[in-house]
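Peer 1: Shown below is the structure under consideration.
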Amino acid sequence: MAGPLTLAIPSKGRLMEDTLGLFADAGLAISKPGNDRGYRGTMEGLDDVEVAFLSASEIARHVRDGTVDLGITGEDLLRETIPDLERHARIVARLGFGGADVVVAVPECWIDVSTMSDLDEVSVHFYQAHDHRLRVATKYFNLTRRFFAEKGVRGYRIVESLGATEAAPAAGAAEAIVDITSTGDTLRANHLRILDDGLILKSEAVLVRAVGVDADPAKARLADTILDAIAD
Amino acid sequence: MPGKTADLRAALDAQARTIIDLFAGAGYGFIDPDILQPADIFLDRSGEDIRSRTYVFTDPAGAELALRPDLTVPACRYYLEHEPAGRGEVRYCYSGPAFRFQPDGHDELRPREFDQVGLELFGSADAETAEAEIIALTIDAVRAAGLSEFKVKLGDLGLFNKLLDGIDMPARWRQRLKHHFWRPQTFHETLVRLAADPGAASGREVEFMGEAYGGGQAETMAALTGRLEEGGIPLVGGRSVGEIAARVCEKAADREAPPLPRESAALIEDYLGVAGQPRDALQRIMSLIVAAGLDMSTSLAAFARRITLMQERGIPVESCRFLAEFGRSLEYYTGFVFQIECDTATGPMPIAGGGRYDGLMSDIGARNPVPAVGCAIHTERLLAAVRGEI
């Protein structure tokens, strides 16, 4: 696939600011020509690079589908969206910002539950005592399924949560959650506690390179140039 | 996969007709359960691993539906609808599509939509006769379809449960071991821990409860209520103080309990290692049981009777293989299980599988328990095996 190299970067918030800072420091300042509200940008000194401003989760999907060549997004979204990441892309740099942990948390009042193994045992009791499976609220379906399977927890059911996941147990919509946390304050404020072995992923912003880039020597060289610049 | 050719469709239909005719001749009435099923049954009854392979969607009215991942649960629902009072033995057979998401990608031998042909026998009071009938008809069916080279694998989850019931240990340990049967590694670790230091897994409840730790249920409940109030910790997450206290008490009891005797742990491991021709396996199990001083004569007599009944129905029992640890990844099996496999370049490929699942009917709403045994045949794989394509 010839043509310019497409670099997708987050379109809002701290993640966008930190990303713009990263490239500016590397001497590859990104600017949005003309219209400040546009979704396309250019990179200083590299005419053949097209910068796309997208939401972090869209970036993960585009990397999977091969419609962007390089992307910056959270590792959590990347691994959630692309369970077989190695087949589609590889992480070429960890960027040191956007850090957050994906964790399993249970109600603080469940004092008998410290580990995933406890959670497994409670899920059996729970199903016997209540008319439904123990529910885990999350937006991370794939990360949750894989981690729970590794830990041998089976008797649960995922309920989708697209916002304020930490409020689900108090609202009676779920019993446990899998969510992202940086300081743990939000979890504590909602009377939830992270399980001792409940860390699924230590996530941060990463630069990811789609495997398709290597098929085009010109693109591959451009990608190497960008990578070298931010590595310095 | 863009679809099946007319020739393939015709071959599959002809194969299904052959098998259904055979089942009908044996007294199995044809049923055609719904393809669209309420999602709840699959989500709540089978847990997340089946759910993650089930196509679930919301219809325009907001109802959560599933494309049936197999025909067993739909056949059970059909039975409950048509036989609300139950009536002795009921025999059903079916043929139709089922749908499963293939997480590693789908292809001809791991299709996401496939035709399942199967049979179910509900309400039989004579367990071994019913089991022999189902496995014999399944073998007759794959033979009628033209398959001559295949292997038969047997297992018995009921026997394993009886063995655990016979070994002296706290009920909660037994429940834990039965629960982990499906995961050999976790099972082994649990067994090792119970035989070494059963209280090792105790966690923060010791610290949280302080002096109140290790009391009776009522005492623990009272202390727990007090501590949650003091700490301003709300009771969320669906479990009552009683449920949490009961488990705290169980964990406290684990710390006091003497470990599982090493001989008992060894007996369980030895049993799970049993593999071989059914009669040899029976001999081996008997000698283990006798050496341990346990009485499982009823279960073992049933095992022996089942072998005899299978033989009488023309199954070459000496070429079957019994594996004590052979279970099925579907949690609903409770007793006799079997699988028919063909050898392929990449290892054995299951063609048909079935067994006893006595708990499922009650699980999906039957007022009284309904004994059930059945089998499903993967028709695309059967056809490929008959044609020598795998």
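Peer 1: Can you give the Rg/Rh ratio of region B:255-390, where Rg is from the C-alpha atoms and Rh is the Kirkwood radius? Working shown, then result.
Peer 2: Numbers: Rg = 18.2 Å, Rh = 17.7 Å.
Reported Rg/Rh (Cα atoms, Kirkwood Rh): 1.03.
Peer 1: Can you tell me, using C-alpha contacts under 8 Å and at least 6 residues apart, the relative contact order of region A:9-113 as a whole percent? Please list the in-between numbers first.
Peer 2: On the way: 115 pairs, mean separation 23.0, N = 105.
Relative contact order of region A:9-113: 22 percent.
Peer 1: In deg cm²/dmol and to the nearest 500, what is the mean residue ellipticity at 222 nm of chain A if only DSSP H runs of at least 4 residues count, each as -39500 (n - 2.57), divided by the residue total? Present the calculation step by step, with values, prior to reporting the outcome.
Peer 2: Numbers: 9 runs with 82 residues, N = 232.
After summing the helix terms and dividing by residue count, I get -10000 deg cm²/dmol.
Peer 1: Hey, what does the equivalent ellipsoid look like for chain B, semi-axes from the Cα gyration tensor as sqrt of 5 times each eigenvalue, largest first, whole Å?
Peer 2: On the way: eigenvalues 338, 159, 75 Å².
Ellipsoid semi-axes (Å, largest first): 41, 28, 19.
Peer 1: Now for a different question. Exactly which trypsin sites (Lys or Arg not before Pro) in region B:24-90 are in a DSSP loop and have at most 12 other Cβ atoms within 10 Å?
Peer 2: Working: sites: B:Arg45, B:Arg51, B:Arg53, B:Arg77, B:Arg87; in loops: B:Arg53, B:Arg87.
Here the trypsin sites (Lys or Arg not before Pro) that fit, given the DSSP loop and packing criteria, are B:Arg87.
Peer 1: For chain B, what does the helix formula give at 222 nm: sum of -39500 (n - 2.57) over DSSP H segments with n ≥ 4, over the residue count, nearest 500 deg cm²/dmol?
Peer 2: Working: 15 runs with 183 residues, N = 390.
Calculated mean residue ellipticity at 222 nm is -14500 deg cm²/dmol.
Peer 1: What ratio of Cα Rg to 2.2 N^0.38 Å holds for the protein assembly as shown?
Peer 2: Values: Rg = 28.5 Å, N = 622, 2.2 N^0.38 = 25.4 Å.
It is 1.12.
Peer 1: Could you tell me the relative contact order of region B:283-370? Use alpha-carbon pairs under 8 Å, at least six residues apart, and round to a whole percent.
Peer 2: Numbers: 62 pairs, mean separation 14.1, N = 88.
The normalised contact order for region B:283-370 reaches 16 percent.
Peer 1: So what's the angle, to the nearest 10 degrees on a 0 to 90 scale, between helix A:141-150 and the longest Cα principal axis of chain A?
Peer 2: 60
Peer 1: Are there trypsin sites (Lys or Arg not before Pro) in region A:18-67 that DSSP marks as loop and that have at most 16 other Cβ atoms within 10 Å, and which are they? Don't skip to the answer; put the middle values down first.
Peer 2: Details: sites: A:Arg37, A:Arg40, A:Arg61, A:Arg64; in loops: A:Arg37.
Here the sparse-neighbourhood loop sites are A:Arg37.
Peer 1: What area, in nm² and to one decimal, does the C-alpha convex hull of region A:114-158 cast on average over all directions? Display every interim value, and only then the final one.
Peer 2: On the way: hull surface 12.0 nm².
Average of the hull's projected areas for region A:114-158 equals 3.0 nm².
Peer 1: When you take every Cα atom in chain A, what is the radius of gyration, and what is Dmax, the widest Cα pair distance, in Å?
Peer 2: Gyration radius and largest Cα-Cα distance of chain A: 20.4, 65 Å.
Peer 1: Debye sum, Cα scatterers, region B:347-390, no solvent: what log₁₀ I/I(0) at q = 0.13, 0.15, 0.18, 0.31 1/Å?
Peer 2: Per q value, in the given order, log10 I(q)/I(0) is -0.45, -0.53, -0.62, -1.03.
Peer 1: Check the straight Cα-Cα distances from B:Lys162 and name the aspartates and glutamates below 20 Å, setting aside those fewer than 8 residues away within the same chain.
Peer 2: Cα-Cα hits under 20 Å: B:Asp126, B:Glu128, B:Glu131, B:Glu263, B:Glu269, B:Asp270, B:Asp280, B:Asp295, B:Glu325, B:Glu331, B:Asp358.
Peer 1: Under 19 Å from a label point 7 Å along Cα→Cβ of B:Arg112: give me every residue in region B:365-390 with its amide N that close.
Peer 2: Residues B:380-381 fall inside that zone.
Peer 1: Membrane-span-like helices in chain B: DSSP H runs reaching 24 Å or more (Cα, own axis), mean Kyte hydropathy at least -1.0?
Peer 2: Numbers: long enough: B:6-25 (28 Å, 0.49); B:127-144 (25 Å, 0.69).
In chain B, the long hydrophobic H runs are B:6-25, B:127-144.
Peer 1: Nearest 100 Å², what total accessible surface is buried between chain A and chain B (probe 1.4 Å)?
Peer 2: Working: alone 11780 and 19310 Å², together 27580 Å².
Summing both chains' loss of accessible area gives about 3500 Å².
Peer 1: Let me ask something else about it. Holding the Cα-Cα limit at 29 Å, pick out from B:Lys153/B:Lys178; A:Lys139/B:Lys178; A:Lys151/B:Lys251; B:Lys153/B:Lys251; A:Lys139/B:Lys4; A:Lys32/A:Lys219 the pairs that are longer than that. Present the calculation step by step, with values, prior to reporting the outcome.
Peer 2: On the way: B:Lys153/B:Lys178 21 Å; A:Lys139/B:Lys178 32 Å; A:Lys151/B:Lys251 20 Å; B:Lys153/B:Lys251 39 Å; A:Lys139/B:Lys4 36 Å; A:Lys32/A:Lys219 22 Å.
In this structure, A:Lys139/B:Lys178; B:Lys153/B:Lys251; A:Lys139/B:Lys4 exceed 29 Å between Cα atoms.
Peer 1: Could you list the trypsin sites (Lys or Arg not before Pro) in region B:111-218 that lie in coil according to DSSP, counting only those with at most 16 other Cβ atoms within 10 Å of their Cβ? Each step should come with its number before you reach the end.
Peer 2: Details: sites: B:Arg112, B:Arg143, B:Lys151, B:Lys153, B:Lys162, B:Arg172, B:Arg174, B:Arg176, B:Lys178, B:Arg193, B:Arg204; in loops: B:Arg112, B:Arg204.
Listed in order of number, the matching sites are B:Arg112, B:Arg204.
Peer 1: State whether region B:107-148 is rounded, prolate or oblate according to the following rule on the C-alpha gyration tensor (a ≥ b ≥ c being the square roots of its eigenvalues): a/c under 1.5 gives rounded; otherwise a/b larger than b/c gives prolate, and the remaining case gives oblate. The partial results should precede the final answer.
Peer 2: Working: a/c = 3.73, a/b = 1.74, b/c = 2.14.
Judged from the Cα gyration tensor, region B:107-148 comes out oblate (a/c at least 1.5, b/c at or above a/b).
Peer 1: Full extension from B:Thr298 to B:Ala14: what is 0.36 nm times the residue separation minus their Cα-Cα distance, to one decimal in nm?
Peer 2: Values: separation 284, 0.36 × 284 = 102.24 nm, distance 4.33 nm.
That pair, B:Thr298 and B:Ala14, stretches by 97.9 nm at full extension.
Peer 1: How high is the relative contact order of region A:85-232, in percent, counting Cα pairs under 8 Å that sit 6 or more residues apart?
Peer 2: 42
Peer 1: Please report, as a whole percent, how much of the solvent-accessible surface of chain A comes from carbon and sulfur atoms (probe radius 1.4 Å). Let's see the in-between values first.
Peer 2: Values: 4970 of 10020 Å².
Carbon and sulfur together cover 50 percent of it.
Peer 1: Right, something else. So for region A:54-144, Kirkwood radius off the Cα pairs, Stokes-Einstein at 20 °C and 1.002 mPa s: how many µm² s⁻¹? Provide the component values of the computation, followed by the final result.
Peer 2: Working: Rh = 15.8 Å.
Translational D for this selection: 136 µm²/s.
Peer 1: By the gyration tensor of its Cα atoms, with a ≥ b ≥ c the square roots of the eigenvalues, what is the shape of region B:174-220: rounded for a/c under 1.5, prolate for a/b over b/c, or oblate? If you can, show how the numbers build up before the last one.
Peer 2: Working: a/c = 3.12, a/b = 2.29, b/c = 1.36.
Since a/c reaches 1.5 and a/b is larger than b/c, the shape of region B:174-220 is classed as prolate.
Peer 1: Hey, how many Å between the Cα centroid of region B:163-225 and the Cα centroid of region B:298-369?
Peer 2: One Cα centre to the other: 31 Å.
The values are calculated or read from the model by the stated rules, or taken from the named source; none is laboratory data. For clarity, every value in this text was computed on a predicted model and none was experimentally measured. Neighbour counts run over all protein chains shown; Cβ positions are idealised from the backbone, glycine included. Heads up: the accessible areas ignore ligands, DNA and RNA and are worked out on the full protein's heavy atoms, side chains in. Shrake-Rupley method; radii C 1.70, N 1.55, O 1.52, S 1.80 Å.
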